[in-house]
Amino acid sequence: MPVPDVMFCAQQIHVPPELPDIMKQFTKAAIRTQPRDVLQWSYGYFYALSRGEPLPVKERVEMPVATQKNDTGLTPGLLKVLHKQLSHKKTVDLIDLHKKWKILCLPVEQLRNLLQ
């Protein structure tokens, strides 16, 4: 059975007053971080925001350096983000590191190579 088309007027739609500021901060963070997979990164951003955790956001935009043959994606800015997100723990669980690594859209194979 198809859902009937429902028309809403402006008075029926409640937009929380803090939403515009949340979206503005999110947009600035996305521009600063420039993730490869915006959807994956957005999940991590709002997940961290909802839990009061450090956000996966670079402090500033990093210009790409063409010194590597293969762009690994790992930059000093992203290392700072990982440190900020995980430094409050005495020991870091591999599952947590893997999750944060994926949210930053970094190659999982590179993490495996670094951990060997």
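Where a number appears in this text, it was derived from the coordinates with a stated rule and is not lab data. What you are looking at is a predicted structure, and each value in this text was computed from that prediction instead of being measured. Note: ideal-geometry Cβ built from the backbone for every residue, glycine included; neighbour counts use all protein chains shown.
Tabulated data for the structure shown
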read-out	value
Taking Phe46, Phe8, Phe26 and counting other C-beta atoms within 10 Å, the order from fewest to most	Phe8, Phe46, Phe26
Anisotropy class of region 24-116 from Cα gyration tensor, a/c 1.5 cut	oblate
Full-extension gain in nm, Val61 to Glu109, via 0.36 nm per residue minus C-alpha separation	14.8 nm
Gained length - Val92 relative to Lys28, 0.36 nm times residue gap less alpha-carbon distance	20.2 nm
Filtered GluC sites (Glu not before Pro), region 26-116: DSSP coil and at most 12 other beta carbons within 10 Å	Glu59
Dipole-positive endmost among Leu114, Trp101, Pro35 within the chain (Cβ charges, Cα centre)	Leu114
Estimated FRET transfer efficiency when R0 is 41 angstrom, pair Phe8-Gln116 (beta carbons, to 0.05)	0.15
Nearest 10 degrees, 0 to 90: helix 38-51 Cα axis against the chain principal axis	80 degrees
Ranked list, fewest to most other Cβ atoms within 10 Å of each Cβ, for Thr33, Thr75, Thr27	Thr27, Thr75, Thr33
Helical mean residue ellipticity (222 nm; -39500 (n - 2.57) per DSSP H run of 4+; nearest 500) of the chain	-15500 deg cm²/dmol
Dipole magnitude of the chain about its Cα centre (Cβ charges: Lys, Arg +1; Asp, Glu -1), debye to nearest 20	480 debye
Helix 76-86 vs. the chain, principal-axis angle (Cα, 0 to 90°, nearest 10)	70 degrees
